Every structure is written in structure tokens, then in C-alpha cells.
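> This is the structure I want to talk about, given as C-alpha cells.
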Amino acid sequence: MRLEGLSIVLSELRGRLSLPRISLALLTGFYLILLPAEAADRSEPAAHGFSLYGTLALERDFPHFPYVNPQAPKGGELRTRGLGSFDNLNRFTIKGQTAVGLELIYDTLLTSSADEPGSAYGLLAHSIAVAPDGLSATFFLRREAKFHDGRPVTAEDVVWSFDAIRAAHPFYAAYYHSISRAVADAPDQVTFYFEQSGNRELPLIVGQFAVLPKHYWTQNGRSLKDTTLEPPVGSGPYRIARVDNGRIITYQRDPNYWGRNLNVNIGRHNFALIRFDYFGDDGVSFEAFKAGEMDLREEFSSKNWATGYAIEAVKSGAMLVEEIDVDSGGGMQAFVMNTRRTPFDNRAVRQAFNLAFDFEWTNKNLFYGQYARTESFFGDGELAATGLPSAAELALLEPLRDALPSDVFTTAFENPKTAGDGNVRTNLREARRLLASAGWEIANGRLEKQGQPLEVEFLLVQPGFERIVAPYIKNLEKLGVAARIRLVDPTQYQNRLNGFDFDIIVDSFGQSLSPGNEQRDYWSSESADREGGRNMIGIRNPAIDALVDKIIFADTRAALIAATRALDRVLLWSHYVVPQWHAPRERVAYWRGLSYPKPLPRHSLGFPDIWWRSAPPPYSSNHQDATVSGDGS
């Protein structure tokens, strides 16, 4: 399911938020296998990865992931884009504007399989043992693993990285709060201890954070809490080759990368250079792409997709335009209302705002009929709430009945609908009734409550959304709402999000095929006021906290599905957001000379990880980096 428009911005802002790669890796879902009691004591434990409810699909010595091209040529340059600017190369601090692509320089204990939901395989660690009681997990490091400066990766580095990352950013402190400590048992062995059993994702979560060189970060006054423009030392397949502050960052494939011959890396990391050029906004970057300044573009604009590619490069075959099926789970993109503020602390007001949004007219007139309305926080698969609650859902919901909207139990959720002709009078009448029930009445031609007008601001960072919000505001004005748009630059936008300084924003909540601990950051009371967190709505509801815990500690797939559907139902009927829309496929345009394996993995576009350059680009380039044709490996 492809969310419209916002995703291109979020990919930038999530980098600036320094969210961990696990938040994306979880989109395929990972779980552990419990080993026999003696496994944790073995010097060579049997598990080479994790699998949920069964065995791993690939044996320990599998040659490569089945979806890669093991003969993919190495070399060439890939050029892609960043938005806004950057002033920081430390992705673990809340400060500054972090450059995109920094995950390329770091390795983790585990790496995911994009073709096998519920699986992860060893990278820095060759083996994993989980205690029978689920209260600890031990990772056995590869002795050949090295940082870019030639120093070995040790258990001491793992422990220091975990502690330092957790201390550097409030998000990590919350995300890892169920992990009590990490202990270096030996130079190549580290154990993580958990506060309680049953949290099935904890071994995976600790396996997905970036391992940093302690010797580098503890020298010369460096701190993970500070910004820096000094290229840091990593252990991953790429190094930072060049930085033009705020404009360009280039990564070069390391020919001496320690893990280049591992089975989990065969067919991956194929480009010699990956260059990110920054643009002021997405419209500018689109024009640059068409002019040959970038190699590939994931398209999130229906207008661009419908009209923007009628160009000679596409007609001649120099540029390829494709729709690709990817089952990446789902999620919710929406107008998010800040419940920390009046009037959105009232459910009836929030519901009225949904009634005022005319999706059918918007889809017909602005989106060329390309989208469907989003009806769930968890996509349109088995995790989405449909119809009335099942018996399994009711078993979870009944004890919480007094804290939940009654509609959760009696009515199947549906967004309001219109004929798409611009006539929304019926919905606006119901919206006005709801506003009146919350104490908002028309006075002097505007909605007022105790003499105060109902005024709201749509805070936007992407100019393309103005054309979508403007018709919505006209409907709100018919209700007596004074609404306006405030467009700000990415730096100001991120600062305001960090402090929850907004009325309404456009945001998305990406979801996995197997939701887990990330739900706490989205919805839990403890995250409502945590700077840099993802609970943009400001939810503080003990009933939702309880349902999130049911998801995290579900011991079967059936229990997970029931808990997720129950949470979905409660979120929808709480009217925290005005749901937006989604497209069914990935929309991609790229210049000839890029190739990808066919078929692609089921759950990922695989870009740029498993793509490669098969021929020089069909455009001339003045970029110095483009002359690099190989990396010596």
C-alpha cells in the first residue's frame, strides 16, 4: 500500500529524527525461536537467525538471499535526492538536521530478509541464542568483523553502543526501555537481559541497532549527543566520501569491507558511489530528475504520475516508468489533530473535522481517481478491523468498555462519504450538530465557545499539499471554522514537531505485517510528551496502553491479529485523525542503465540495496563522481 505525497517528506524527516533502522525493518516483522535450554551455553549455538512460529527458510550456509542477483556487477554511480538541507552526520542525536543515507556506513548484529516475513539472519553476529525463559539473548560475534579503521568489532563496542545510543536520544531510551542491560561475556560474546519474558521482539530489536566503535566516540571530546560534520567511523559497506554541507553527501563502497563475501551480502551494495543531492522542495527535485540530475524517483504525487511523465525521455525509452507490487504491510496517512490543544481534546470536534473532508471530490478532481480512502491504521489485510468485533476481540475490549467509545462495540467503522460532486451539505449538517454538542455555536458568523473562536492552523512542509488542504478549508469555513495554512521549511517544521507545536499536520504511521514494540511510540501515554517521539496525536488513554501491551506480548499469531484489530477499532472510533488515501503499488521512474532482480522480493522495492548499474546513464553528467566505474572489489 503506497501512501500519497507525504512519504517522500517523511523519509527525510525520519532521518532527521534519527529513528533506528528497526522501525523500517519491522515492516516485514521479525520473531525469535526459543532454543533448547542448553543452547545459550554452547560455544556454537545452532540458531543463525530468528523465525516466528517455525524454522528459518534458509539454512545456515545458504549461498545468498533468493531474491538478489549474485552476479550483479559492482560499480557505477547512483544519484538520488535529499530534501531541505543537513548540518549533521550523527544520526543518534535529536539535534540538527541529519544527512540521509547514514545507515549505509553501519552494520548491525542482524540483517533482515526482504522475502521472508518474520525472519532475520546474522551479520555482525554469526549466531544467536535465546534463553528458554525469554529473559536474555546472547549474540556471538564474527571475529573477522572490523570497523573502517581496521580495529575489530568487539562485545565491548556492542555494549558501549547500546548504552550510548540509549542515552543520546529520548526515542531510543523509550524504545529500549524493556532491555535492562547488556553484558560483554567475552570479546566476541554479548548478552542482553530483558525486564520480562513474552516480549517476542526484544532479541530482534537489540540485533538491529548500529554497532559503533567505542574507541572513536570516546576520543577527542566526541559525544553521540552532539552534532558533527566529521565523517564518523563505521563498519558497513560504504564510507562517507565527500560532504558539501547542506547540499551533497556522497558514499563510496568500501573495497575492503569486511563483510563483502558473507552470504547475507552477496548481490547487495552494488553501486560504487551513492550520491544524495539536496533540493529545496519536491517540485524542484522532480524537474531535476527529468533533466537527468537523478537516476531514480519513487513517485508519491498522483498529479505527477498522471501528467508529469509525458516527456520525450519516456517516449524514447531512455526513462522507464513502472508500477511494482510490493506487500509492505500498511499504515495510516492522515490529517493528524493535536489532542493536547483545544478544540481537538474533544472527540466530537475531531469527528466533525472528518465529516468536513470530501475525499471523493478530492480523489476525482485532484488525484485523477488513483486512490482509495484508508479505512484502517493497519492496511487492508488480516490486521485491519472489519465488521463488528469478533469474540477474540471482545475478550480484550469488554474489560475496557467504560474507557472506550460505545461505537467500538456496536458499529463497523466507515469514513463519511459523498457523491464527489462537491455537495457536502449532509455531512456538514452532522458536523455542525457534533460541534454544537461540544459547545461550539455560531456567533457573529463564526464558531465560538465562551467567546473564543474556533481557529486552527494546518502546518505543512510540502508545498504540494496546499492544493489539497485549500478545498478542505473551504468546507471548514462553511461550518464557521477559521482555518489557515502555514508552510514552513523542513528545519522549522521538525523543530515544531519535536515540541508538538501544531494544530493539524499531515503525518503517517507505517505498520508492519507483525506489529510490536513500535506501537508504544505511536500511541502510548508514556510517549505523549516525549520530545522526538512519534505520538503526534498526544494520546493518553490507559485502555489503549493495555491493548498495545496485548500486541507486544501476544504469544500466537491469532492473538496478535485479535489484539491489533481491537486497537485499530479503538483508534478509528476515537477519531484521532482524518484518514487520507493510499495507492496499491509502488510507482517508480528511472533512467535506463539501472537494473533490479526480477522478481523483486515480496515485501520491498529493494532500492538501492539490490539494484545495480547495468549500463552508463543515457544522459550526460558534469558530476565528477560519475567518472568512477568500479570500486576494486
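> Counting only residues that are out of contact with any strand residue (DSSP E or B) (no Cβ under 7 Å at 6 or more places or on another chain) and not in a helix (DSSP H, G or I), which one in the range 155-181 is farthest from Gly236 (Cα to Cα)?
Restricting to residues being out of contact with any strand residue (DSSP E or B) (no Cβ under 7 Å at 6 or more places or on another chain) and not in a helix (DSSP H, G or I), the top hit is His177.
> Counting only residues that are of a type in the set (Gly, Ala, Ser) and part of a loop (DSSP other than H, G, I, E, B), which one in the range 313-327 is surrounded by the fewest Cβ atoms within 10 Å (Cβ to Cβ)?
Gly317
> Next up: If you check Glu312 against the conditions, is it free of Cβ contacts under 8 Å to residues at least 60 places away in the same chain, farther than 25 Å from Ile537 by Cβ and acidic (Asp, Glu)?
yes
> For the range 555-575, how many residues are assigned to a loop (DSSP other than H, G, I, E, B) and open to solvent by less than 20 Å² (accessible area, probe 1.4 Å)? Before you say what the answer is, go through the steps one by one.
Quick first cut of the range 555-575, residues assigned to a loop (DSSP other than H, G, I, E, B) only: 555-556, 574-575.
Next cut, open to solvent by less than 20 Å² (accessible area, probe 1.4 Å) only: 574-575.
Matching residues across the range 555-575 total 2.
> I need the full set of residues from the range 339-353 which are in contact with a strand residue (DSSP E or B) (Cβ under 7 Å, 6 or more places away or on another chain) and more than 14 Å from Leu571 (Cα to Cα), in order please.
In the first step, residues of the range 339-353 are kept if they are in contact with a strand residue (DSSP E or B) (Cβ under 7 Å, 6 or more places away or on another chain); the result is 344, 350, 353.
Selection gives Phe344, Phe353.
> Further, regarding this structure: Testing Asp281 on (1) at pLDDT 95 or above; (2) in contact with a helix residue (DSSP H, G or I) (Cβ under 6 Å, 6 or more places away or on another chain), one condition comes back false. Which one is that?
Result: Asp281 passes all but (1).
> Could you please let me know if Ala313 is touching a strand residue (DSSP E or B) at 6+ places or on another chain (Cβ under 6 Å) and not basic (Lys, Arg)?
Spelling it out, Ala313 is indeed touching a strand residue (DSSP E or B) at 6+ places or on another chain (Cβ under 6 Å) and not basic (Lys, Arg).
> Quick one: in the range 269-302, which of the residues that are open to solvent by 30 Å² or more (accessible area, probe 1.4 Å) and assigned to a loop (DSSP other than H, G, I, E, B) is farthest from Tyr590 (Cα to Cα)?
The selected residue is Gly280.
> For the range 223-245, enumerate the residues that are over 14 Å from Arg91 (Cα atoms), modelled with pLDDT of 95 or more and of a type outside the set (Phe, Trp, Tyr).
If the condition is that a residue be over 14 Å from Arg91 (Cα atoms), modelled with pLDDT of 95 or more and of a type outside the set (Phe, Trp, Tyr), then Ser235, Gly236, Pro237, Arg239, Ala241, Arg242, Val243, Asp244 are the ones that fit.
> Mind checking whether some residue in the range 440-448 is over 33 Å from the mean Cα position of the chain (by Cα), assigned to a helix (DSSP H, G or I) and either surrounded by fewer than 14 Cβ atoms within 10 Å (Cβ to Cβ) or among the polar types (S, T, N, Q) (or both)?
no
> Taking interchain pairs and intrachain pairs at least six residues apart, which have beta carbon atoms under 7 angstrom, with the first residue in the range 319-342 and closer than 15 Å to Phe502 by Cα and the second assigned to a strand (DSSP E or B) and of a type in the set (D, E, K, R)?
Listed by first residue and then by second, the contacts come to Ala334/Asp507; Val336/Asp507.
> Then there's this: Which residue, of Arg200, Arg222, is closer than 17 Å to Ile105 by Cβ and either open to solvent by 20 Å² or more (accessible area, probe 1.4 Å) or not basic (Lys, Arg) (or both)?
None of the other options fit; the residue is Arg222.
> Now a separate question. Any residue at all in the range 481-492 that is under 30 Å from Gly84 (Cβ atoms) and free of Cβ contacts under 8 Å to residues at least 24 places away in the same chain?
Checked the range 481-492: at least one residue is under 30 Å from Gly84 (Cβ atoms) and free of Cβ contacts under 8 Å to residues at least 24 places away in the same chain.
> Report the residue count in the range 182-208 for those that are touching a residue at least 60 places away in the same chain (Cβ under 8 Å) and part of a loop (DSSP other than H, G, I, E, B).
The total comes to 7.
> Condition check: touching a residue at least 60 places away in the same chain (Cβ under 8 Å), among the polar types (S, T, N, Q) and surrounded by fewer than 20 Cβ atoms within 10 Å (Cβ to Cβ). Does Asn245 satisfy that?
So Asn245 fits the description; yes.
> Any residue at all in the range 279-298 that is at positive phi, in contact with a strand residue (DSSP E or B) (Cβ under 6 Å, 6 or more places away or on another chain) and not hydroxyl-bearing (Ser, Thr, Tyr)?
The answer is no, given that none of the residues of the range 279-298 is at positive phi, in contact with a strand residue (DSSP E or B) (Cβ under 6 Å, 6 or more places away or on another chain) and not hydroxyl-bearing (Ser, Thr, Tyr).
> In the range 344-398, which residue that is over 30 Å from Glu477 (Cα atoms) and among the acidic types (Asp, Glu) is nearest to the chain's Cα centre (by Cα)?
Taking the candidates together, the pick is Asp380.
> State the number of residues belonging to the range 209-238 that are of a type in the set (Phe, Trp, Tyr) and either assigned to a strand (DSSP E or B) or touching a strand residue (DSSP E or B) at 6+ places or on another chain (Cβ under 8 Å) (or both).
So the answer is 2.
> Can you name the condition, by its number, that Ile544 falls short on among (1) open to solvent by less than 10 Å² (accessible area, probe 1.4 Å); (2) in contact (Cβ under 8 Å) with a residue 40 or more places away in the chain; (3) closer than 30 Å to Val326 by Cβ?
(2)
> If you don't mind, there's one more thing I want to ask. So Ser595 ticks every box in (1) surrounded by fewer than 18 Cβ atoms within 10 Å (Cβ to Cβ); (2) modelled with pLDDT under 95 but one. Which box is left unticked?
(2)
> Can I ask one more? Suppose we keep only residues that are touching a Phe, Trp or Tyr at 6+ places or on another chain (Cβ under 8 Å) and more than 18 Å from Leu435 (Cβ to Cβ) within the range 466-484. Which one would you say is surrounded by the fewest Cβ atoms within 10 Å (Cβ to Cβ)?
Among those that are touching a Phe, Trp or Tyr at 6+ places or on another chain (Cβ under 8 Å) and more than 18 Å from Leu435 (Cβ to Cβ), it is Arg484.
> Among the candidates Leu355, Leu394, which residue alone is of a type outside the set (Ser, Thr, Tyr), surrounded by fewer than 20 Cβ atoms within 10 Å (Cβ to Cβ) and modelled with pLDDT of 95 or more?
Just one listed residue meets the conditions, Leu394.
The values are calculated or read from the model by the stated rules, or taken from the named source; none is laboratory data. For clarity, every value in this text was computed on a predicted model and none was experimentally measured. FYI the Cβ positions are ideal-geometry reconstructions off the backbone, even for glycines, and counts take in every protein chain you see. With ligands, DNA and RNA removed, areas are computed over all heavy atoms of the protein, side chains included. Shrake-Rupley method; radii C 1.70, N 1.55, O 1.52, S 1.80 Å.
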